[in-house]
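Below you'll find the structure, written out as structure tokens, and then a few comments.
The values are calculated or read from the model by the stated rules, or taken from the named source; none is laboratory data. Given the structure is predicted, the values throughout are model-derived calculations rather than measurements. Cβ: placed from backbone, ideal geometry, glycine included. Neighbour counts: every protein chain shown. Side chains included, ligands, DNA and RNA excluded: accessible areas come from the protein's heavy atoms. Shrake-Rupley method; radii C 1.70, N 1.55, O 1.52, S 1.80 Å.
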Amino acid sequence: MAQIIQKNSITVEQNWQKELASGFTDPFSLLSYLNLDPTDFGSHAEARRLFPMRVPRFFASLMEKGNWQDPLLLQVLPSNQEFLTAPGYSQDPLAEHDTANPGLLHKYHSRVLLIVKGGCAVNCRYCFRRHFPYADNSLSNTELENNIAYIAEDPAIDEVILSGGDPLMAKDSKLATLAEKIAAIPHVKRLRIHTRLPVVMPSRLDASFYRWFAGLPVQRVLVLHINHANEVSTELAEKLAPLRQAGVTVLNQAVLLKGINDTADIQAQLNEKVFAAGIMPYYLHLLDKVQGAAHFDIDVEQAREIMAGVIKRLPGFMVPKLVTEIGGQPGKTPVDLRLYPQD
Ligand SMILES: *Cc1c(COP(=O)(O)O)cnc(C)c1O
Ligand code: SF4
């Protein structure tokens, strides 16, 4: 299975980078593309000052024209509700800003998260990292080397997660070198990538990505972020097929979002479609309480009720684990569903 990683094999600019550059950054152009009348939109556009708008054209093509309530559009369109402050909401809900090692988060015993690249292809308005200072920065090579040394020194770490921002915003040449070094650490068994990029732009899963990732001599896990059935495109499923054939485990994590995926029917459709595309449902996260995203929040009681409906509708293997993040816990905390009363 081991495949030789060809260093410096990527000399030409990859197509996905061109596609990335052509995305929507201006809400008025996106609205016009969707045949929506922008007359009353004015004040909402101001929310770009809080967090820029970014929407790849492919993702926009999955939206329904003429529908202000489109569940994909609502995730990315700036809103003046982002200016509201709500109690309990902070700039850094997971207390991730200060770490001794920039770009490395070691909160859970056996796995470490490496922030490879700050920015994303799509800016989700509910993102808990929307206030992160690193924004579009990449780590320097020295910082990456320090982080690899940290992993090499701790035998308890058996899994490395490439995260961001979105790690697939980095060039394959850089990722290949990094992954090769990580996979060479004897106690590392798994390399995981957390990314939304293939969902909003399936072209990212090109031959150049496959070349370094598919044959790595460790178990490979790709965790996507899909919140609604309409995000599961045939293009995405086609790009995942060869990766699955190469033994890559593909999982999905979603965030429970008000007005977007907050009913049992929508959740059931999402997880059925995810599974049909060869992706296993993994987590459904309660929203992290980040400043500017309170209008997306679903409280835990309502989340329990939705999950009770999902359990009724789907086989157990299609039901994601409902989790929340609580500081100081050994991992993500499952939300207990047992006491939900029968209807
Ligand atoms: C979510 C997270 C992980 C991964 O947790 P899993 O439950 O294994 O998916 C690892 N490190 C950090 C800092 C995280 O936030
Ligand atoms: S892709 Fe993930 S990290 Fe990037 S903006 Fe969306 S939620 Fe945040």
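Structure values in brief
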item	result
Order by protection proxy (mean Cβ within 10 Å, highest first), peptides 224-233, 54-63, 210-219	224-233, 54-63, 210-219
Relative contact order of the chain, pairs being alpha-carbon contacts under 8 Å that are 6 or more residues apart, as %	17 percent
FRET efficiency, 1/(1 + (r/R0)^6) with R0 56 Å, evaluated for Glu64 and Ala149 via beta carbons	0.70
Descending principal axes extents, the range 76-120, alpha-carbon based, whole Å	39, 25, 17
Per-q log10 I(q)/I(0), the chain, q = 0.12 Å⁻¹ (Debye; single scatterer per alpha-carbon; no solvent)	-0.90
Rounded percent of accessible protein surface that carbon and sulfur make up, the chain, 1.4 Å probe	52 percent
Sum of -39500 (n - 2.57) over DSSP H runs of 4+, divided by residues of the chain (222 nm, nearest 500)	-8000 deg cm²/dmol
Whole-number accessible area per residue in Å² for the range 104-328, which is evaluated in the context of all protein chains at 1.4 Å	37 Å²
Amide hydrogen neighbours beyond the local backbone of Leu251, cut-off 5 Å, H modeled	Leu222, Val223, Leu224, Met280
Solvent exposure of the range 17-83 as accessible area per residue, Å², 1.4 Å probe	48 Å²
Theoretical FRET efficiency, 1/(1+(r/R0)^6), r = Cβ-Cβ of Leu84 and Asn35, R0 35 Å, to 0.05	0.75
Which listed pairs, of Lys273/Lys312; Lys117/Lys174; Lys18/Lys65; Lys189/Lys273; Lys107/Lys258, have C-alpha distances above 21 Å, in listed order	Lys18/Lys65; Lys189/Lys273; Lys107/Lys258
Accessible surface of Asp299 - all protein chains present, 1.4 Å probe, nearest 10 Å²	80 Å²
Förster-model FRET efficiency, 30 Å R0, His187 and Thr142, C-beta, rounded to 0.05	0.85
At 0.890 mPa s and 25 °C, Stokes D of the range 78-183 from Kirkwood alpha-carbon radius, µm² per second	163 µm²/s
Total charge dipole magnitude, the range 17-83, about the Cα centre, Cβ charges on Lys, Arg, Asp, Glu only, Debye to nearest 20	280 debye
Under the Debye formula (equal points on every Cα, no solvent term), log10 I(q)/I(0) of the range 218-324 at q = 0.09, 0.11, 0.16 Å⁻¹	-0.23, -0.34, -0.69
Along principal axes, Cα extents of the range 224-286, largest first, whole Å	36, 20, 13
Net charge over other residues, Cβ less than 13 angstrom from the Cβ of Asp158 (K, R count +1; D, E count -1)	+2
Total charge dipole magnitude, the range 84-204, about the Cα centre, Cβ charges on Lys, Arg, Asp, Glu only, Debye to nearest 20	500 debye
Whole-angstrom gap from the range 19-66 to the range 270-331, using each part's C-alpha centre	27 Å
Paramagnetic label zone (point 7 Å from Cα along Cα-to-C-beta, Thr249; backbone N under 13 Å) in the range 175-195	189-193
The range 17-83, relative contact order [Cα under 8 Å, separation at least 6], %	40 percent
